[in-house]
Amino acid sequence: MARDLDNSGMFGELRRMVQTTGTVGGIAARMAGHKIGLRSGGATHAEDLKSVLGGLKGPLMKAAQLLATIPGALPEEYAEELAQLQSNAPPMGWNFVRRRMTAELGAGWEKNFRAFGKEAAAAASLGQVHQAILADGRRVACKLQYPDMNAAVEADLKQFRMAIGVYHKLDNAIRQDDVVEELAERLREELDYRREAANMRLYHAIMQSCPDVTVPLPVDELSTRRLLTMEWVVGQNLNAAIKAGLSDEQKKKIARALFRGWYVPLYQYGVVHGDPHMGNFTLREDGGLNLLDFGAIRIFRPSFIKGNIDLYNALRTKDEDLAAHAYEAWGFRDLSREKVRVLNEWASLLYAPLMDDRERYIQEENNPEHGREVLSRVHEGLQKTGGVRLPREFVLVDRSAIGLGSVFMRLKVKMNWSELFHEIVDGFDEQALTDRQTAAIQAAHFPPDAPPAT
């Protein structure tokens with residue numbers, strides 16, 4: 001039985017709050033000043049915030065990354081800096097790792113391994129990964145959670161709510177109360193690696209129809225709430241592969257695998273992987289992909305998925321009534337005709353490649369400025385029409401679409417995105433999705449006290 005290393009509770013929270021309060025409080029004040037026209041070195045302060053959050057391991061950094069993808073949620077210079085965040089915190093040293101492994105697996109834990117890497121092979125937002133070889137010869141990855149993460153999450157969320165609360169008082173275009181609660185729930189869920197292990201089993205089953213995507217399986221007997229042991233998958237860092245140079249054929253294969261890896265689960269099972277950044281997949285030797293990190297998984301109501309497809313059809317046929325109905329299925333409320341039109345401009349940015357039946361870049365001219373211009377107009381339009389309250393379901397779908405789009409832009413690949421989309425959604429049947437989703441969840445064996453995220 002693992003000893004609870006996060007039982008410092010209030011003291012862990014206090015330590016974390018001392019680290020973040022000054023920075024986040026100052027940033028909140030500067031964001032408020034930004035809204036009333038006081039330009040006090042915003043770009044410099046945004047760089048400072050990125051530096052501080054990157055040095056803190058995980059929760060606040062992840063929340064800030066998510067907010068950076070929502071139109072107008074933060075001033076532009078803050079959004080740009082926060083979107084680039086990666087964890088730069090120093091890894092746990094070997095002596096500390098040994099104590100943590102003893103806490104999770106008990107004395108003599110080394111007997112389970114023929115070899116165990118003393119240096120971290122990779123950093124994750126809430127933990128670090130060590131490569132190891134089991135006693136039976138299997139290569140595995142051991143993701144070990146950083147200490148005091150329960151306290152870190154709670155302290156970070158308090159600071160995060162404070163900063164957003166200040167900003168909301170001066171900008172009513174997008175109310176994010178439900179978004180913050182969604183982030184809070186998802187972050188707390190990510191702390192239990194048993195749920196992530198079940199998410200891996202869920203995705204492994206779903207991806208059987210996508211041989212170009214590999215999902216590693218967990219090693220349950222060597223996994224706990226704070227330790228996740230899984231199959232080691234061999235692959236090249238995608239950024240490194242792009243820099244080294246890829247042929248058009250290789251780019252197309254990668255893009256197809258990525259597209260199917262995200263949208264087969266979403267449109268056929270109602271499941272989304274909410275964290276599609278370059279560090280969460282590696283390139284196999286045969287050009288396929290390894291999909292990694294299953295903490296940010298969300299399962300949706302089948303009616304919500306139907307709403308996604310209805311919105312696509314509404315935009316394609318310019319049917320405002322169907323669009324309004326689709327937004328209601330998403331969870332938007334009290335939408336005037338004017339608000340529907342503003343939201344349609346946002347949705348058209350995301351759906352445009354899917355409605356264009358030809359080979360093209362995911363964003364015309366492969367120019368990120370175009371997207372920023374559209375989102376700026378959406379934010380302005382929402383301000384003029386009284387604003388909207390974002391539904392919780394919006395968060396990971398928006399994050400996924402924008403994150404995946406940025407990877408496709410990095411690849412500089414032309415695809416017929418419409419054709420790929422229709423391969424997945426043609427013949428959509430809400431009841432069939434319900435049946436597939438139910439069967440997949442049952443097969444994943446979620447622990448009773450760590451159910452799937454819905």
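Which numbered condition trips up ASP286, out of (1) surrounded by fewer than 19 Cβ atoms within 10 Å (Cβ to Cβ); (2) closer than 28 Å to ASP429 by Cα? In the conditions (1) surrounded by fewer than 19 Cβ atoms within 10 Å (Cβ to Cβ); (2) closer than 28 Å to ASP429 by Cα, ASP286 misses (2) alone.
Return the only residue of ARG260, ARG194 being in contact with a helix residue (DSSP H, G or I) (Cβ under 8 Å, 6 or more places away or on another chain) and either β-branched (Val, Ile, Thr) or touching a residue at least 24 places away in the same chain (Cβ under 8 Å) (or both). Before you say what the answer is, go through the steps one by one.
Values: ARG194 fails: in contact with a helix residue (DSSP H, G or I) (Cβ under 8 Å, 6 or more places away or on another chain).
So the residue among ARG260, ARG194 that is in contact with a helix residue (DSSP H, G or I) (Cβ under 8 Å, 6 or more places away or on another chain) and either β-branched (Val, Ile, Thr) or touching a residue at least 24 places away in the same chain (Cβ under 8 Å) (or both) is ARG260.
Can you tell me which residue within the stretch 233-272, out of those that are buried (at least 19 other Cβ atoms within 10 Å of the Cβ) and not in a helix (DSSP H, G or I), is farthest from the chain's Cα centre (by Cα)? Only one residue fits best here, namely LEU246. So, of the residues in the stretch 233-253 that are out of contact with any Phe, Trp or Tyr (no Cβ under 9 Å at 6 or more places or on another chain) and of a type in the set (A, V, I, L, M), which turns out to be nearest to MET415 (Cα to Cα)? By that ranking, first place goes to LEU246.
In this structure, does ARG372 turn out to be touching an Asp or Glu at 6+ places or on another chain (Cβ under 9 Å), assigned to a helix (DSSP H, G or I) and touching a residue at least 60 places away in the same chain (Cβ under 8 Å)? Write out each step before concluding.
Details: touching an Asp or Glu at 6+ places or on another chain (Cβ under 9 Å): yes; assigned to a helix (DSSP H, G or I): yes; touching a residue at least 60 places away in the same chain (Cβ under 8 Å): yes.
Considered against the rule, which asks whether it is touching an Asp or Glu at 6+ places or on another chain (Cβ under 9 Å), assigned to a helix (DSSP H, G or I) and touching a residue at least 60 places away in the same chain (Cβ under 8 Å), ARG372 comes out as yes.
When you scan the stretch 138-225 for helices (runs of 4 or more DSSP H) that lie fully inside it, which ones turn up with 1 or more residues that are of a type in the set (A, V, I, L, M) and more than 20 Å from the chain's Cα centre (by Cα)? Qualifying helices (runs of 4 or more DSSP H): 149-170, 193-206.
The rows are residues; the columns are (1) closer than 27 Å to GLY235 by Cα; (2) outside the structural domain of GLU182 (by TED's automatic domain parsing); (3) modelled with pLDDT under 95.
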residue: LEU266; (1), (2), (3): yes, yes, no
residue: GLY274; (1), (2), (3): yes, yes, yes
residue: PHE281; (1), (2), (3): yes, yes, yes
residue: LEU292; (1), (2), (3): yes, yes, yes
residue: PHE300; (1), (2), (3): no, yes, no
residue: GLY331; (1), (2), (3): no, yes, yes
residue: GLU338; (1), (2), (3): no, yes, no
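Scanning the stretch 376-434 for residues that are among the hydrophobic types (A, V, I, L, M, F, W, C), in a loop (DSSP other than H, G, I, E, B) and over 27 Å from GLU249 (Cβ atoms) yields LEU390, PHE428. Within the stretch 323-344, residues that are buried (at least 20 other Cβ atoms within 10 Å of the Cβ) and basic (Lys, Arg) reach partners that are modelled with pLDDT under 95 and assigned to a loop (DSSP other than H, G, I, E, B) with beta carbons closer than 7 Å, at six or more positions or on different chains, in the pairs LYS339/THR385. Evaluation of TRP417 against the conditions (1) closer than 30 Å to ALA241 by Cβ; (2) surrounded by fewer than 20 Cβ atoms within 10 Å (Cβ to Cβ); (3) modelled with pLDDT of 95 or more shows that the sole unmet condition is (2).
The values are calculated or read from the model by the stated rules, or taken from the named source; none is laboratory data. These numbers were taken from a predicted model, which means no experiment stands behind them. Backbone-built Cβ (ideal geometry, glycine too); neighbour counts: all protein chains shown.
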